[in-house]
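Colleague: One structure coming up, written as structure tokens, with questions to follow.
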Amino acid sequence: MRDVDQGRLLFFLSILTMIAYFWAVFLSDYSFTDPPKFLGRTVSQWALIIPVLIFVYLFLFVVAWIGWTMATTPPPLPLKEREESDSEKSGDSENRIESRNG
């Protein structure tokens, strides 16, 4: 499938989803005298609950991921040790260059 066809498909599916979401939020309760309920809530209520729940869970997942990364990443070397290791590395590379030219 070409990129143009995929773009058109995404465009039309998003438009249809927007129309369905608008209906679910604003019109579903008013279409029936006794709206159908699922787990004690109407379609309009579920149309608001589900996206909010997804966004909250995504946010908390990112926060948990950041916390896990911070907890499992080793601390950086102290500044003195870092300077010593940098000078050793640069000294080794200078010695190699001098031995090649030598």
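No value in this document is a laboratory result; all are computed from the given coordinates. Remember, predicted model here, so these are calculated numbers, not experimental data. Cβ coordinates were reconstructed from backbone atoms using ideal geometry, including for glycine residues, and neighbour counts include every protein chain displayed.
Colleague: What length, rounded to one decimal in nm, is gained on full extension from Ser85 through to Met1, with 0.36 nm per residue of separation minus their alpha-carbon distance?
Modeller: 24.9 nm
Colleague: Using 7 Å Cα-to-Cβ label points, what is the Trp23/Met70 separation (nm, one decimal)?
Modeller: A separation of 4.6 nm, rounded to one decimal place.
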